[in-house]
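**Student:** Got a structure for you, written out below as structure tokens; questions coming shortly.
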Amino acid sequence: MSRWDRVKVPVMVGAGTLVASAYVYAFDPSEPGHFPPCPTKVLTGLDCPFCGSLRASHDLMHTNLTGALDFNAMTVLFVLPAALIAWVLWLRAAWRDEPAVRVPRWALVTSVVALVAFTVVRNLPGMPLGTAA
């Protein structure tokens, strides 16, 4: 298998992410009409762990770190860096024709527990730092 065949999927995922990011950069998710509402918020009235992630990403791309943290600290501090690291490791493994990096079970369990805890905390009244919806 050629190198291009091995890296094609990670490169396409990266390109798609760049296109989606450009859209989020160009259109403010705080303004209605450009993005659909969160289904969890619509159905239950509760904020899911990713509510505010588009607005946080938009603010982060516009160098407003404080605003990004206020919308969703979990996305800014954990989800986006973890996704970037995972993509880089995936691309590197494909480039070198190595087996994919396996995520340890403890990391998956810790991530799920952190997301559930964040969801509970962000739905309590008066919670600051990344809990604004």
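The values are calculated or read from the model by the stated rules, or taken from the named source; none is laboratory data. Source: prediction; values computed, not measured. We place every Cβ from the backbone using ideal geometry, glycine too, and count neighbours over all the protein chains shown. Accessible surface areas use protein heavy atoms only, side chains included; no ligands, DNA or RNA. Shrake-Rupley method; radii C 1.70, N 1.55, O 1.52, S 1.80 Å.
**Student:** Which one is nearest to the chain's Cα centre (by Cα), of the residues in the range 36-60 that are assigned to a loop (DSSP other than H, G, I, E, B) and under 15 Å from residue 75 (Cβ atoms)?
**Tutor:** First, the residues of the range 36-60 that are assigned to a loop (DSSP other than H, G, I, E, B): 36-38, 45-52.
With under 15 Å from residue 75 (Cβ atoms) added as a condition, the list becomes 38, 47-52.
Values: 38: 14, 47: 15, 48: 13, 49: 10, 50: 7, 51: 10, 52: 10 Å.
The qualifying residue nearest to the chain's Cα centre (by Cα) is 50.
**Student:** Further, regarding this structure: Filter the range 40-95 down to the residues that are more than 23 Å from residue 117 (Cβ to Cβ), in contact (Cβ under 8 Å) with a residue 60 or more places away in the chain and not hydrophobic (A, V, I, L, M, F, W, C) and list them by number.
**Tutor:** none
**Student:** If you don't mind, another one. Can you name the residue in the range 1-26 that is within 25 Å of residue 97 (Cβ to Cβ) and hydroxyl-bearing (Ser, Thr, Tyr) and is also least open to solvent (accessible area, probe 1.4 Å) among such residues?
**Tutor:** Our first condition is that a residue be within 25 Å of residue 97 (Cβ to Cβ); within the range 1-26, this holds for 1-18.
Still in the list and also hydroxyl-bearing (Ser, Thr, Tyr): 2, 17.
On the way: 2: 57, 17: 76 Å².
Among them, the one singled out is 2.
**Student:** Looking for something loosely packed, with under 11 Cβ neighbours inside 10 Å and basic (Lys, Arg) - is there at least one such residue anywhere in the range 103-112?
**Tutor:** Scanning the range 103-112 turns up at least one residue that is loosely packed, with under 11 Cβ neighbours inside 10 Å and basic (Lys, Arg).
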